[in-house]
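Asks: Provided herewith is a single structure, encoded as structure tokens, for subsequent inquiry.
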Amino acid sequence: MKKILMAALLLAPALALPAGAVTDDGVTVGSRSGVSFGGRGSYFKPKNAADGNWSGGAQLRLHMGPIWALEGSGDIRQDRFGGTTVDVIPVQASLLAYLLPGKVVSPYLLAGAGWYYTHVRDANDSTYHRFGPHAGGGLQAFLNKHWSIDGSARHIWLSSYRSQDAANPLGRDIDASGWMATAALNYHF
């Protein structure tokens, strides 16, 4: 809950921006056609874990007008469970629908699927290629004609993977479903 509150506080200044702002040269600031690219931080918490962890990544969006966008994203994450280290590279594709198209601040809904390269470093040193859907929502705020910030939260449904270490010599299944929060700074071309 603290993480959600922190994300909300980071986005709060963006809510003070006027809706449908126009620059001096007559260009509307807000969602529009084009491409945006940005770096992002993400926080992932598996369903049965006590805590989640932070990681970094990037996202590329193809804005197909003021309402629809396609997003491709990738992150690099490392989880530790006792004597097991798990490296995960989630690559996600999402469809975004902006609820207040053309506004400086707009909430959006998202849904998509991802491929999760998972390398489990334990007694067996296993690699998994998992796929799973995700759904959620977010908020995007334009700072000016070329820059925006956004934050999202999504639930991810994933299959379990197997781990075996000194604490669990017979092995255990780790449920990898959970929720993910992101915050990004984007440049719009």
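We did not get these values from a lab; they are worked out from the coordinates using the rules stated. Owing to the predicted nature of the structure, the values given are computational and were not obtained by experimental measurement. Cβ: placed from backbone, ideal geometry, glycine included. Neighbour counts: every protein chain shown.
Asks: Starting from the 7 Å offset along Cα-to-Cβ, what nm value, one decimal, do you get for the label separation of A123 and Q78?
Replies: Here the modelled spin labels are 2.3 nm apart.
Asks: Between S160 and W147, with labels modelled 7 Å along Cα→Cβ, what's the label distance in nm to one decimal, could you check?
Replies: For S160 paired with W147, the spin-label model returns 4.7 nm.
Asks: Between I89 and L109, what is 0.36 nm times their sequence separation minus the Cα-Cα distance? Round to one decimal in nm. Walk me through the intermediate numbers first.
Replies: Working: separation 20, 0.36 × 20 = 7.20 nm, distance 2.32 nm.
Contour length minus Cα-Cα distance gives 4.9 nm.
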